[in-house]
Each structure stands twice: as structure tokens, then as C-alpha cells.
Amino acid sequence: MAESRFKGRFFKKCLGEAVSALRFAAQLNPFSPNIAVGLVRACACANMDPVEVLAQARSAYSSHPDSPFIYITLLYTLGWVDPQP
């Protein structure tokens, strides 16, 4: 039981570090759509607030409006935050 709690805390800490690293990478290279998508996915995996993840996806799309990859990521994020029947 204690081992699973340790793994959970370790995993959550790693995801938080991944979000921080990708935010820093996005500041260093704002022209990379791959970094923007990685940041959106890391935020979603880190169990951040869905509204914050959606704001990150919208920011990525506004930075790279010509990227179909980012548009699809935005659509997936919208579906995750507010699923429609």
C-alpha cells in the first residue's frame, strides 16, 4: 500500500516537472507546434483543472493557427472538457 502511494506521488511529481519543463521550452522556442502540443498533453496528464488545460490548448492554437495537429488537439481538449452527445 505504501509503495503504491509512493509511486503515485512520484508520478505526480514527474508530471509537474514535465509541465514546468515544457513551459520553459515553449518560452525558449515559441515557434514549435510540437512543444505546444506536448504542453497541452502534459497539463492534461498532470490532472490540472480542465479549464486551464483548455486555455492552454486555445493559446497553442492562437500561436499556431496553421497547424492541423494543434487544431485536432484543441478539438480533443474541447471534447474532453465538455463532451457533447
If amide hydrogens are placed 1.01 Å from N in the peptide plane, which non-local residues have theirs closer than 5 Å to the one on Ala46?
none
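Take the Cβ-Cβ distance between Asn47 and Ala25 as r, set R0 to 22 Å, and report the resulting FRET efficiency rounded to the nearest 0.05. Could you put the intermediate results ahead of the total?
Details: r = 21 Å, r/R0 = 0.95.
E(calc), rounded to 0.05, equals 0.60.
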Here segment 61-72 yields Karplus 3J(HN,Hα) values (6.51, -1.76, 1.60; θ = phi - 60°; whole Hz; Gly and Pro given as x) of 5, 5, 7, 9, x, 8, 8, x, 5, 6, 4, 5
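Give, as a single signed number, the net charge of other residues whose beta carbon lies under 13 Å from the beta carbon of Val81, with Lys and Arg counted +1 and Asp and Glu -1. Write down the numbers at each step before the final one.
Values: positive: Arg58; negative: Asp49, Glu52, Asp82.
Around Val81, the charge tally is -2.
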Cα gyration tensor of segment 28-79, axes a ≥ b ≥ c as square roots of the eigenvalues: rounded (a/c below 1.5), prolate (a/b > b/c) or oblate?
oblate
Ser59 versus Tyr76, label points 7 Å from Cα toward the beta carbon: distance in nm?
2.0 nm
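Where a number appears in this text, it was derived from the coordinates with a stated rule and is not lab data. On a predicted model such as this, the values are computed, not experimentally measured, just so you know. A quick note on method: Cβ atoms are made from the backbone with ideal geometry, for glycine too, and the neighbour counts reach across all protein chains shown.
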